[in-house]
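Structure, as structure tokens:
Throughout, read-outs are computed from the coordinates displayed, never taken from laboratory work. This one's a predicted model, so the numbers in the text were calculated from it and none came from an experiment. Quick reminder, even Gly has a Cβ in these numbers, built from the backbone with ideal geometry, and neighbours come from all protein chains shown.
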Amino acid sequence: MNLKYNNIKQEIKDLGLNNKKVADLLGISVQGLDYRIKQDLPTIHWAMYGISHYYGEPDNLVINEKV
């Protein structure tokens, strides 16, 4: 899954997650998640990047293989 940073809430939905699950994964409250999204903090973008790669489609992940 390619993450589009212009709409993090839609990306959460596209991953099949909800705000509560993402907040639990990050160890923050739902209100804290909403605050970080609204403030457009860089840390939430990095966190969503990691979550999208963990929960995204395996075909979109880069796998380092020795040739």
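Computed from backbone phi, the HN-Hα couplings of the stretch 36-52 come to 5, 5, 5, 7, 6, 6, x, 5, 5, 5, 5, 5, 5, 4, x, 5, 5 Hz, rounded to whole numbers (Karplus: 6.51 cos²θ - 1.76 cosθ + 1.60, θ = phi - 60°; Gly and Pro given as x). Comparing the stretch 8-59 with the 2.2 N^0.38 Å rule of thumb, its C-alpha radius of gyration ratio is 1.04 (two decimals). Modelled spin-label separation between His53 and Asn7, with each label point placed 7 Å from Cα along the Cα-to-Cβ direction: 2.5 nm.
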